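The values are calculated or read from the model by the stated rules, or taken from the named source; none is laboratory data. From a predicted model like this one, the values you see are computed outputs, not experimental measurements. Because the Cβ atoms are built from the backbone with ideal geometry, glycine has one as well, and the counts that use them run over all protein chains shown.
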Amino acid sequence: MERPTWAPGEVDLERPSAARVYDYYLGGYHNLAVDREFAEQAMQAMPELPLIMRTNRAFLRRSVRYLVGRGIRQFLDLGSGIPTVGNVHEIAQAAAPECRVVYVDKDPVAVAHSQVMLEGNQNASVLLADMRDHESVLASDAVTGLLDLSQPVAVLMFAVLHFVDDDSHVEQTVRGYLGAVASGSYLVVSHGTHEHVGERGKQVERLYTRADNPLHPRNRAQVAGLAEGLELVEPGVVYLPSWHPDSPEEVEDHPERSSTYALVAFKP
């Protein structure tokens, strides 16, 4: 397979990438034949997958706007993925130009495209790193040069923690960041679940064992546990469409079809 100009040399062209598959679901162009084939197989099991991904992006937009409205001006987007329309810095800086954003991802394609997108933006940067190594991320030049951890920060984890395999690793990752940020900070999470999905979800989970990041869905209680010690913003842990919808029409008759829980929590 000929290597695309946008794919760095360390990218495995024969293995599906969760980030590039997500890009394909959203209608993006930074994906390979192996990613598209994988996504089509997953959509055979769950045809609503592209809608779920768009619903997750809509939650990103609503939650970032909410946080800017609460005075947050610093954002740490972990597992940020390949850039697409409506990124965190675009939403935040449209509302408050002084907002500062650091993106973190371990996918070199995602980081390479983020670097191009952020060129000339003095209030946003991107870091190639594994978010699970919170100490290295927080000590990086990208973070220390742009974010002031003595002031409130929004720690964003959109559709990424369900790619962390072990529950203890998930907890260590979340606690590592929350322990480093100031009072008044926020945690934002969207996390996949197989509750109310059944066998179709299990088929998708089995498929993802072939990808670079296998899928590990969790139930509502497990997702709620990520906000232990924090104050949940109403309405608490809910399915994506039910978190602060822009209009009643956005809330479907069956929001559980999003197969993804959402939460925003405040660090007192």
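In this structure, Thr209 does not qualify as within 30 Å of Gln44 (Cβ to Cβ), modelled with pLDDT under 95, β-branched (Val, Ile, Thr) and touching a strand residue (DSSP E or B) at 6+ places or on another chain (Cβ under 7 Å).
Residues in the stretch 74-110 that are among the hydrophobic types (A, V, I, L, M, F, W, C) and surrounded by fewer than 20 Cβ atoms within 10 Å (Cβ to Cβ): Val85, Ala94, Ala95, Ala96. The set of residues from the stretch 44-74 being without any contact (Cβ under 8 Å) to a residue 24 or more places away in the chain and among the polar types (S, T, N, Q) comprises just one member, Gln44. Number of residues in the stretch 25-61 that are acidic (Asp, Glu), within 20 Å of Ala112 (Cα to Cα) and in a loop (DSSP other than H, G, I, E, B): the value is 0.
Residues in the stretch 40-54 that are under 14 Å from Gly27 (Cβ atoms) and either in contact with a Leu (Cβ under 6 Å, 6 or more places away or on another chain) or hydroxyl-bearing (Ser, Thr, Tyr) (or both): Met43, Met53. Can you find even one residue in the stretch 155-178 that is more than 19 Å from the chain's Cα centre (by Cα) and of a type in the set (A, V, I, L, M, F, W, C)? No. For Leu230, state whether it is of a type outside the set (Phe, Trp, Tyr) and within 24 Å of His89 (Cβ to Cβ). So Leu230 fails the test.
Residues of the stretch 67-110 that are closer than 15 Å to Ser190 by Cα and part of a helix (DSSP H, G or I): Val88 alone. Would it be correct to say that Gly71 is more than 27 Å from Glu171 (Cβ to Cβ), at pLDDT 95 or above and surrounded by fewer than 18 Cβ atoms within 10 Å (Cβ to Cβ)? Criteria met by Gly71.
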